[in-house]
Amino acid sequence: MKMSDSKVINAGPATVFAAMLDRDVLAGCVPGCTEMSGSAGEGFTATVVQKVGPVKATFKGEVELSDIVENEGLTLTGAGKGGAAGFAKGGANVRLEADGEQTILHYEVEAKVGGKLAQLGSRIVDGFAKKMADQFFTAFQDAVGAPEEGEEDSAEDAPKRGWFRRLRS
């Protein structure tokens, strides 16, 4: 399964790039992530709990960063095993494009699954993979970018939105 999309982030490329290397940002953006350790240089290990159709599994996996070009982009590659549920592996090529005071984050994602997950059928698995990628990059967009001018955060969103950018200020 392959897909691509882009997100506009209300922060400069240096801030967005730093967030892509930050374990706490990544852990907060991966849907179902219960634990993450490691570093950008050595790679990350993570535990993620997800339900795909009728199959619920705890995946333990590793993510490596490569092709790192400061403030321009990188490649994330990961693989995880979910016991009897099977495995998932894939990657994302991320490219940053400066646009005034904003950054356009372009991403191309490829995912593969095996085991019980693969038996669910490509329609369910592809829909799930698309949903996971969208949730990750939307959460990343919210964690890093400030609200657009004239846009107000609800009381619930205010503490979460742009937290990484505020931390770096």
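Quick note: the coordinates plus some simple rules give every number you see, no bench work behind them. Bear in mind the structure is a predicted one, so any value in this text is a computation, not a measurement. Glycine also receives a Cβ, built like all others from the backbone with ideal geometry; neighbour counts cover every protein chain displayed.
Overview of values
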read-out: Correct choice for semi-axes √(5λ) of the Cα gyration tensor in Å that was computed from the model, options (i) 28, 17, 15; (ii) 25, 19, 15; (iii) 21, 20, 16; value: (i)
read-out: With eigenvalues of the C-alpha gyration tensor scaled by 5 and rooted, region 77-123, Å; value: 32, 11, 7
read-out: Alpha-carbon centroid distance for the pair region 1-60 / region 88-115, whole angstrom; value: 11
read-out: Length added when fully stretched, LYS2-ARG23, from 0.36 nm per residue minus Cα-Cα; value: 5.0 nm
read-out: Ordering of 22-35, 134-147 by burial proxy (mean other Cβ atoms within 10 Å per residue, highest first); value: 134-147, 22-35
read-out: Distance between modelled label sites at ARG95 and LYS112, nm, 7 Å Cα→Cβ extension; value: 2.4
read-out: Mean separation of Cα contacts under 8 Å (6+ apart) over length of the chain, as relative contact order %; value: 26
